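Values quoted throughout were computed directly from the atomic coordinates according to the rules given, and no laboratory measurement underlies them. Fair warning: this is a prediction, and the values are worked out from it, not measured in the lab. Counting neighbours? That spans all protein chains shown, and the Cβs are built from the backbone with ideal geometry, glycine included.
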C-alpha cells in the first residue's frame, strides 16, 4: 500500500511538471534554419517575432536565380527578387501569428525560385526553428 501512494505522488509530480511546460520537449530544440544543400540556397541567419520572420539567404549554387516567393509557417514573402550567384539578401516575411514572446516555434520553410540557366521553377523545403523575440 505504501508503494502505491509513493507511485501516485511521483505520477502527480510528473503530471504537474508536464502541465506547466517544464517537461516540454520544444524548449530543448536548438535554433536552426535548414535548407537542402543541393539547392545552393543557404540560410545564414534568422529572427522571428510574433508578427514577422526575417531570413537571410545566400545563393551559392553557381547560377543566378529569382526568388519567386517564400513562406515560413503562415509568414510569407510574395515578391520576386533577383539573386545573382554569390549574393545574399534579407527577406522580411509578414502576415504571421506566431504566439507569445519566448516561445519556440518550428516552422516549415519553403522557397520557390526560378533557375535562370534552365528557366525551371524549383522548390526548396526545410525548417526554421527559432525562439520568438
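Just a few scattered comments:
- Pair residue 64, residue 45: separation of 7 Å Cα→Cβ label points (nm): 2.7
- Relative contact order (%) - segment 31-131, alpha-carbon pairs under 8 angstrom, separation at least six: 32
- Peptide ranges 56-65, 91-100 listed from the most packed, as the mean C-beta count within 10 angstrom indicates: 56-65, 91-100
- Within a Gaussian network of the chain (alpha carbon springs, distance under 10 Å), most fluctuating of 67, 41, 14: 14
- Distance in nm between pseudo-label sites at residue 92 and residue 31 (7 Å out along the Cβ direction from Cα): 1.9
- At full extension, residue 120 and residue 17 could sit 32.0 nm farther apart than now, given 0.36 nm per residue minus the alpha carbon distance.
- A straight chain from residue 38 to residue 9 at 0.36 nm per residue would run longer than the Cα-Cα distance by 5.2 nm.
- Listed values (1) 16.4, 58; (2) 18.0, 61; (3) 20.4, 75, entry calculated as Rg and Dmax of the Cα atoms in Å: (3)
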